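Below: the structure, in structure tokens.
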Amino acid sequence: MSLSEAKKKVGGLAGVIAGSSAICTCGLGNGLNYYGYSIQDLAKMAEFEEVAYLLQFGELPKENELKEYKEKICANRNLSENLKAVLRAIPKNVHPMNLMQSAVAALGALEAEKEDFSDQDEKIIRLLGILPSVLCYWHHYSNFGKEIDFNSDEKTIAGYFLEKLQLSKPKEDFIKAMHCSLILYAEHEFNASTFTARVCASTRSDIFSAVAAAIGALRGPLHGGANEAAMHLIESFSSVEEAIKGVNKKLENKELLMGFGHRVYGVGGDPRNELIKEWSKKLGGDTLLYKVSEAIENLMKEKRPSLPPNADFYSASAYHFMGIKTDYFTPIFIMSRVSGWCAHIKEQRANNKIIRPSSEYTGPEPRNFVNIKER
């Protein structure tokens, strides 16, 4: 079988090199690294803002740089009256991912980026600051008719989001777990949403359009929505025994189990899984939900060792233990991955050529047009 035939057989552009990037290594024998720093070190020793700074500027910040960066993010939490009006018009039954995409698209109209992109770094900081406010404002307005303010003593995105979502001071462990999750989801090479952002950016479109396009790709259950699907699976069982029986039946029926397997990592497993699993266990290890999660993981190790759990599987239960609605799992992903998307947008712009691949035509041979009365 030729290389082109093999790629066509696999599908989904698997194994195709679509460009070069200095931002991230992903499943290349040396794990997951952001600008050379291992995900293990970052997740255990950094705050998310340090990682966002790293992705935006290519180096970890010094103490004074991090302080200034966090202050800028905090200063960008407020929503304009026009944006609030847009959010109030979005009904309660809309999926929050569509809400987030609409908000980012609206920012492109209300706070447009300069055509020469000279303010792109300011716009990245604006997105980091405003996205938690968008979700929390809409949550409280659509569910309770309440308009929240954006004042907070919480200086991190993790703490601020949890505080404004629940309108109470979050537990310190919740903030630490959220930092870990945001770091793990921040960047992941040419995944579907990041590649979408780069394609859009390659046309010299604005940063808000590129991020809105990326959100559209992330919404799907085969990408960002996998954590929601994993949660629905886990909470559908009322006991460990029922979970084992139910998952066995799904495997017999050749059903897809969300939260297991990964296109890039394969049998070696997703290095992010163990890091978020530690937090899931710490927050809810004595609960039935965690025990069901672990039982499903152990069964999959036995029955499908080629499909180890990915970052989404235990992220789902970790978020649940923090009291976060399942529908909000993937919007949290946006709050994190926007840092990686924007890093790729900047990199694409720095050495741009429009991304326009070709397709292999499989349609009919050329044929003559037939007048409608003779068809």
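Of note:
- Applying the criteria of a DSSP loop state and at most 13 other Cβ atoms within 10 Å to the trypsin sites (Lys or Arg not before Pro) of the range 283-358 yields Lys353.
- Binning the C-alpha pair distances of the range 226-321 at 10 Å intervals from 0 yields a P(r) profile of 18, 55, 26, 1 %, listed from the shortest bin outward.
- The range 52-121 and the range 319-375 have Cα centres lying 21 Å from one another.
- Its residue count N sets the reference 2.2 N^0.38 Å, and the alpha-carbon radius of gyration of the chain equals 1.04 times that reference.
- For Phe260, the residues whose modelled amide H falls within less than 5 Å of its own, excluding neighbours fewer than 5 places apart on the same chain, are Asn310.
- Counting only lysines at least 8 places from Lys245 when in the same chain, those with an alpha carbon closer than 19 Å to its own are Lys254, Lys291, Lys301, Lys303.
- Entry note, the chain: the mean residue ellipticity at 222 nm calculated from DSSP H runs of n ≥ 4, each adding -39500 (n - 2.57), is -18500 deg cm²/dmol after division by the residues and rounding to the nearest 500.
- Spatially proximal aspartates and glutamates relative to Lys353 (Cα-Cα < 19 Å; intrachain offsets below 8 disregarded): Glu115, Asp116, Glu189, Asp206
None of the figures in this text is laboratory data; all of them are computed from the coordinates on show. Treat the numbers as computed from the prediction; the structure is a model and nothing was measured. Note: ideal-geometry Cβ built from the backbone for every residue, glycine included; neighbour counts use all protein chains shown.
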